[in-house]
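The values are calculated or read from the model by the stated rules, or taken from the named source; none is laboratory data. Note that the structure is a prediction, hence the values are computed from the model and not measured. Reconstructed Cβ throughout: ideal geometry from the backbone, glycine too, with neighbour counts over all protein chains shown. Each accessible area value is taken on the protein alone, full model and side chains, heavy atoms only, with ligands, DNA and RNA left out. Shrake-Rupley method; radii C 1.70, N 1.55, O 1.52, S 1.80 Å.
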Amino acid sequence: GIGSEVKIFLAAPLTEKLIRLAFDEQLTEADEVHWDEREESVIARKITRLGSLELSVIPLSTSSEKITTAMLDGIRLLGLDALPWTKDAHSIRMRNEWLRANNLTKSLLPNLSDDELLETLEDWLAPYLTGITRRVHLQKLDMSMIVRAMFSFERLRELELLAPTHLTVPTGSHIPLDYSSGEQPVLAVRLQEMFGETDTPTVAGGKVKVLLHLLSPAHRPLAITQDLPSFWKNAYPDVRKDMRGRYPKHYWPENPLEAEPTRRTVKRNIPNDHR
């Protein structure tokens with residue numbers, strides 16, 4: 001025997017080139033592309049192996065279909081909240097889903113529910129993912145443009161007409177509508193801005209009355225109503241009595257239907273000031 005200690009006195013380095021020459025037929029090449037949850041990114045590489053030995057690892061181009069598929073896998077794991085939703089994109093989705101849920105249009109609007117969007121990422125999001133391989137890259141996406149691209153020009157116009165983002169009140173103020181609460185969108189507006197208005201504002205081409213939150217000077221609801229004429233007639237006298245005591249510097253006319261609507265918080269320079 002030669003004992004337990006073996007000394008090598010003459011050796012040459014075994015280079016990758018020599019291995020490739022000697023074992024050419026046994027080398028395997030494979031693309032490895034997958035979403036890495038810990039890194040929150042797509043791992044994409046071409047690996048050359050001799051058995052279990054990795055000879056070389058080369059990054060793959062970021063424009064391949066496999067990389068986009070892996071990125072979509074990542075987005076499904078992260079959830080839709082990982083996308084940089086803008087106020088505009090969120091509003092379009094909310095108003096669209098409100099119209100769909102209440103069957104307020106004869107047109108076929110796109111289904112923009114969370115479940116449907118996650119299921120159909122390949123259709124609406126994949127075209128915008130070129131070069132995007134990490135979660136942080138998602139911040140580059142223009143979600144307003146992406147969501148709007150899911151509508152034809154006509155459908156988008158119909159959405160704006162039937163479910164507008166704002167309504168104009170008697171003072172000329174554009175007040176935002178909140179579609180998140182269910183069947184009726186909410187219009188929260190200071191009571192004084194609605195003086196002179198005889199009809200409850202509507203959306204959906206006149207089919208749906210908005211739910212008015214008539215606010216105090218401190219922006220708290222004094223009344224919630226879908227029947228403005230009834231409010232003026234039956235509830236306003238008591239509201240006026242209470243509010244004149246609490247907010248004596250504000251405008252509480254006796255006849256709200258003949259009074260001038262106002263954005264002002266005090267009574268000066270307001271005509272028809274029936275105190």
(message) On the basis of being modelled with pLDDT of 80 or more, assigned to a helix (DSSP H, G or I) and open to solvent by less than 80 Å² (accessible area, probe 1.4 Å), does Ile92 make the cut?
(response) yes
(request) Report yes if some residue within region 171-194 is more than 26 Å from His90 (Cα to Cα), open to solvent by 50 Å² or more (accessible area, probe 1.4 Å), touching a Leu at 6+ places or on another chain (Cβ under 8 Å) and not small (Gly, Ala, Ser); otherwise report no. (result) no
(message) For region 76-127, which positions are hydroxyl-bearing (Ser, Thr, Tyr) and within 18 Å of Met145 (Cβ to Cβ)?
(response) Thr86, Ser91, Thr120
(request) Kindly provide the set of residues from region 224-257 that are more than 14 Å from Glu193 (Cα to Cα), among the aliphatic types (A, V, I, L, M) and open to solvent by less than 70 Å² (accessible area, probe 1.4 Å), ordered by number. (result) Ala235, Val239, Met243
(message) Can you tell me which residue is nearest to Ala82 (Cα to Cα) among those in region 117-151 that are open to solvent by less than 50 Å² (accessible area, probe 1.4 Å) and part of a loop (DSSP other than H, G, I, E, B)?
(response) Leu141
(request) Give the residue, chosen from Pro84, Pro59, that is closer than 28 Å to Glu39 by Cα and at pLDDT 95 or above. (result) Pro84
(message) Which pairs turn up if I take residues in region 152-179 that are over 15 Å from Gly205 (Cα atoms) and look for partners that are at pLDDT below 95 with beta carbon separation below 6 Å, at least 6 apart in sequence or on another chain?
(response) Thr171/Arg263
(request) Could you figure out which of (1) of a type in the set (Phe, Trp, Tyr); (2) modelled with pLDDT under 95; (3) not in a loop (DSSP other than H, G, I, E, B) isn't true of Phe231? (result) (2)
(message) Would you confirm, using the coordinates I've provided, whether Thr86 is in contact (Cβ under 8 Å) with a residue 40 or more places away in the chain, among the β-branched types (Val, Ile, Thr) and either under 30 Å from Val210 (Cα atoms) or open to solvent by 40 Å² or more (accessible area, probe 1.4 Å) (or both)?
(response) yes
